[in-house]
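Everything on this sheet refers to the single structure shown next.
Quick note: the coordinates plus some simple rules give every number you see, no bench work behind them. Just so it is clear, the model here is predicted, and its values are computed rather than measured. Ideal geometry is used to build each Cβ from the backbone, glycine not excepted, and the neighbour counts take in all protein chains shown.
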Amino acid sequence: MASSSDRLVKLAFSSFSNLMVRQPTLTPAAHEWTNFAAIVATFPASVSPNQTQGKSDNPLLTSSESVALDDGSVVQEGFSTPPQKMETICMATGTKCLSASAMSERGDLVHDSHAEVLARRCLMRFFYQECLNSIRGSSDFLDFGGSHGIHRFTVKRGIGFHLVVSHTPCGDASIFPVQPEDRQVIEKRKKVDGPEEFSPKRQKTATSIHEDTHRTGAKCVPNATACDSYLSGKDYHIIGALRTKPGRGHPTLSMSCSDKMMKWNVLGLQGALLSDFLGPIYLVSLCIAKCPFNFASIRQSLVGRSEKFSFSTGGFRRHAPVISQSDLIFSHGKHQADLDVTTQKSTCHKSILWIRNGDSSSSVEVIINGKKQGATGKSKLSPSSRSMVCKMELFLLYEQLADRLQSMLSNHSPRLQQERTSYAFAKRKNVSYSSCREDFAAAFPEWTRKPSKLLEFSTTTTDTETTVD
Ligand SMILES: [Zn+2]
């Protein structure tokens with residue numbers, strides 16, 4: 001019987017394949033590879049209304065395995081109780097990131113287009129949509145309730161969210177010793193790609209697989225107390241460092257996916273704005289498709305690095321998702337490209353976004369350089385060129401939802417008094433989230449800080465042609 005990890009990955013891959021069948025022009029070119037990420041929801045046998053998400057609600061785990069997780073123990077094969085239903089919520093592909101100089105002060109660009117980050121932004125858009133559906137009593141995912149003038153949403157009991165990725169996340173989680181099977185692929189690739197694709201130091205000195213390590217393009221943060229030595233073999237990288245993503249030859253301010261996922265394991269996937277409406281949403285599991293993989297390194301990177309710190313403000317806590325690997329390979333991914341020793345492939349510049357809508361329809365988008373495909377010249381500044389998951393579009397949804405809730409209240413709560421404020425102000429508004437984020441920032445003081453001017457935009461400065469209903 002296939003493992004639960006395989007079932008989750010298989011569902012995500014088949015959702016992507018079905019999308020390619022429906023819209024063949026989206027299919028990545030044969031000479032390109034990309035990374036893939038999807039959020040899959042699992043449902044228990046029955047979902048009772050007015051019950052909320054709890055930490056033992058993982059429908060894929062037995063109780064004993066849940067205990068193991070709480071202890072922080074190593075759990076890879078923790079999937080034993082098949083869920084009654086699984087559904088792909090959103091998907092994204094992408095490997096690109098805008099340089100610091102290309103970032104926008106208008107909130108209209110997606111700065112980080114790595115697949116994992118885009119999938120999480122798609123999930124946030126999905127949650128806004130489900131909040132609005134829940135008010136109408138038509139959400140399969142959220143319950144709506146309120147007291148003392150504050151309306152809140154809760155995930156229906158037993159529903160879990162899982163992240164499926166085609167490759168280990170960039171940055172710290174991708175740094176681990178090269179294994180024999182990896183070495184064979186590397187040697188074969190040399191014949192196709194030519195020696196220039198490989199470090200001369202690596203070729204010259206890595207005579208034993210134990211002397212070499214997998215590498216990441218992410219660089220140690222500029223103010224790091226310790227940096228990569230770039231020495232040959234296993235000493236090329238340091239372990240545990242915070243890293244920023246590479247841009248097109250220019251530095252970026254975007255943290256690596258390993259670092260961002262570590263943060264999601266503390267602050268949740270919902271982010272600051274949705275925290276006004278939802279409690280923290282943690283990943284039940286992270287399922288990684290077939291690729292070079294080292295469980296201990298990935299767990300240490302995504303969970304272990306934050307274990308010496310305490311986070312327990314307002315429902316936030318450090319969470320350890322089940323980490324597992326599937327035997328399935330993403331056919332358009334890097335690992336497949338590495339295995340295909342007859343061709344040389346390059347990274348795909350475009351990103352595909354797909355989000356399930358509540359009415360069984362879906363939203364699809366292709367973005368390039370942080371904007372919708374086709375946006376050039378003057379149209380680059382048009383609201384119609386904005387991605388549905390850029391900061392501005394999500395902020396518009398935030399205000400739409402807040403306005404809807406306020407209109408339902410007879411006694412207005414001060415917290416829901418809607419003024420048109422800046423994005424930065426709205427992000428600081430939720431006290432619990434802000435407090436935990438400050439704890440996190442204190443734990444990781446080297447984390448990059450973006451210029452405050454990038455967050456000072458407001459929705460009054462844009463056309464409000466948005467959005468979902
Ligand atoms: Zn990444």
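Multiply the residue separation of SER434 and SER14 by 0.36 nm, subtract the distance between their alpha-carbon atoms, and state the gained length in nm to one decimal. Display every interim value, and only then the final one.
Values: separation 420, 0.36 × 420 = 151.20 nm, distance 3.83 nm.
Roughly 147.4 nm would be gained on extension.
The distance between label points at LEU381 and GLU211 comes to 5.8 nm (points 7 Å beyond Cα on the Cα→Cβ vector). Computed packing ranks the peptides 346-358, 364-376 as 346-358, 364-376, most packed first, by mean other Cβ atoms within 10 Å.
What list do you get for HIS250, HIS237 if you sort them by fewest beta carbons within 10 Å? Walk me through the numbers on the way to the answer.
On the way: HIS250 12, HIS237 23.
The fewest-first ordering by Cβ neighbours comes to HIS250, HIS237.
Considering only Cα-Cα distances, which of the following residue pairs are longer than 31 Å: LYS219/LYS350; LYS85/LYS219; LYS10/LYS234; LYS156/LYS334; LYS10/LYS453?
Values: LYS219/LYS350 23 Å; LYS85/LYS219 40 Å; LYS10/LYS234 34 Å; LYS156/LYS334 36 Å; LYS10/LYS453 42 Å.
Exceeds cut-off: LYS85/LYS219; LYS10/LYS234; LYS156/LYS334; LYS10/LYS453.
Within the shell of other residues whose beta carbon sits under 13 angstrom from the beta carbon of LEU454, the net charge comes to +2, with Lys and Arg scored +1 and Asp and Glu -1.
Each eigenvalue of the Cα gyration tensor of region 233-371, multiplied by 5 and square-rooted, gives one semi-axis; in descending order these are 27, 23, 17 Å.
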